[in-house]
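K.L.:
Dumping the structure here so I can ask a few things about it.
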Amino acid sequence: MHRFIVLILALTVVSAMPDAVAAQSDRGGIRRTTDLPTAELRQLRRRMNAGAELSVAGLRALADAGDSLAAFRFGKRLEERGDVTLLPDALHYYAIATFHGRDFAIPRLIRLLDIYGPDLSKGRLANVLNALESRARRGNIKAAFALHRLQTEGKVMPADPQAARDWLQIAADQGDGDAALRLGIAWMTPTEGLPADPVRARAALELALGDDDLAARVTAENLLRQLDAGTAPKSTMTEVTQ
């Protein structure tokens, strides 16, 4: 019972990124224990790095100070409570972890964003999307695919076919054959506000030709033949979240 009371006291809903975290944004969060402002926080981080299980209050204090690993672990701790009302807060802390480079937080962030994204406050949603976008722009394929899907669906972010293709381009440029094929098909297919673009389609499909997967290379070759013949793409691909 004592543990439960401590948890409830620790879980004040945060409507935006804490000031301490925002202050760390430009330099990538806490990189060294000496970055932390107080001796108590420094001791907590040393204990965490040594494998100790911190209290809920201690873990959150580190997370709010900009420690990305603590933010990820605190998000998991919230999920493990099994209380759905805490999951938007878990998403917030996964966003902190993601923003500061903990890419293993991205799948959890995406899953909760799909569920709670439409109901988040404007400020909190902006923080979550900013975290995802920051990793996508640094070449994270999972983040880029997720943003492509979100801007295709238009539920959490405004639908934007051009922006959706730009995220696919990032994944394709990182060597993801699936993204390259999807991008090629997209540019072969006219849609409202975006005419077909054979030049961009060819560039994307040529990226897919370099994929390690034989099926991807064969599909790219077939699509290139269709492109040369001026026919609509016969291949379709089901949308996925990486």
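K.L.:
Would you mind calculating the gained length between Thr191 and Glu80 on full extension (0.36 nm times residue separation, minus the Cα-Cα distance), in nm to one decimal?
P.N.:
Gain on stretching Thr191 to Glu80: 35.7 nm.
K.L.:
Additional query: Along the charge dipole of the chain, which of Ala216, Val156, Leu54 sits closest to the positive end, that is, farthest toward it, with unit charges on the beta carbon of Lys, Arg, Asp and Glu (+1, +1, -1, -1)?
P.N.:
The listed residue farthest towards the positive side: Leu54.
K.L.:
Using a 1.4 angstrom probe, figure out how much accessible area the chain has per residue, in square angstrom, rounded to the nearest whole.
P.N.:
I get 50 Å² per residue for the chain.
K.L.:
Can you give me the pair-distance distribution of segment 187-238, C-alpha pairs, 10 Å bins, whole percents?
P.N.:
Going out from 0 Å in 10 Å bins, segment 187-238 shows 25, 57, 17, 1 percent.
K.L.:
Suppose the chain between Ala57 and Val199 were pulled fully straight at 0.36 nm per residue; how much longer would it get relative to their current alpha carbon spacing?
P.N.:
45.6 nm
K.L.:
For segment 64-193, what does the convex hull of the Cα positions come to per residue, in cubic angstrom?
P.N.:
With only Cα atoms used, segment 64-193 gives 101 Å³ per residue.
K.L.:
Report the calculated FRET efficiency for Asp160 and Lys234 (r = Cβ-Cβ distance, R0 = 25 Å), to the nearest 0.05.
P.N.:
Details: r = 27 Å, r/R0 = 1.07.
After rounding, the FRET efficiency stands at 0.40.
K.L.:
Considering only Leu207, Gly184, Leu129, whose Cα is most displaced toward the positive end of the charge dipole of the chain, charges sitting on Cβ of Lys, Arg (+1) and Asp, Glu (-1)?
P.N.:
Sorting the options by dipole projection puts first Leu129.
K.L.:
Separate question: Based on Cβ point charges of +1 for Lys and Arg and -1 for Asp and Glu, what charge dipole magnitude is obtained for the chain about its Cα centre, in debye rounded to the nearest 20?
P.N.:
840 debye
K.L.:
Roughly how big is segment 132-239's charge dipole about its Cα centre, with Cβ charges of +1 (Lys, Arg) and -1 (Asp, Glu), in debye to the nearest 20? Spell out each step's value before the answer.
P.N.:
Working: 13 positive and 16 negative charges, 33 e Å.
For this selection, approximately 160 debye.
K.L.:
Right, next: For segment 92-148, report the % of Cα-Cα distances exceeding 15 Å.
P.N.:
Above the 15 Å cut-off, segment 92-148 has 36 percent of its Cα pairs.
K.L.:
If you roll a 1.4 Å probe over the chain with all protein chains in place, what percent of the accessible area is carbon or sulfur?
P.N.:
On the chain, the fraction of accessible area on carbon and sulfur atoms equals 52 percent.
K.L.:
Let me ask you something else. What helices does the chain have that are whole DSSP H segments, at least 20 Å long along their own axis by Cα, and with mean Kyte-Doolittle hydropathy of -1.0 or more?
P.N.:
Values: long enough: 122-137 (22 Å, -0.51); 214-229 (23 Å, 0.18).
Both cut-offs are met by 122-137, 214-229.
K.L.:
Expected output is a single nm value to one decimal: the length gained when fully extending between Asn49 and Glu221, i.e. 0.36 nm times separation in residues minus the C-alpha distance. What is it?
P.N.:
Contour length minus Cα-Cα distance gives 56.9 nm.
K.L.:
For the chain, which semi-axes, largest first and in whole Å, follow from the square roots of 5 times the eigenvalues of its Cα gyration tensor?
P.N.:
For the chain, the ellipsoid semi-axes come out as 42, 18, 14 Å.
K.L.:
Over 21 Å apart: what share of the alpha carbon pairs of segment 52-133 falls there, rounded to a whole percent?
P.N.:
Value for segment 52-133 (Cα pairs over 21 Å): 19 percent.
K.L.:
Test of understanding: express the Cα radius of gyration of segment 120-242 as a ratio to 2.2 N^0.38 Å, with N the residue count.
P.N.:
Working it through for segment 120-242, the quotient is 1.08.
The values are calculated or read from the model by the stated rules, or taken from the named source; none is laboratory data. Predicted model, so just to flag it, every value in this text is computed and none were measured. Methodologically, a virtual Cβ is constructed for each residue, glycine included, from the backbone with ideal geometry; neighbour enumeration extends over all protein chains shown. The protein model used for the area step is the full one, side chains on, heavy atoms only, and it has no ligands, DNA or RNA in it. Shrake-Rupley method; radii C 1.70, N 1.55, O 1.52, S 1.80 Å.
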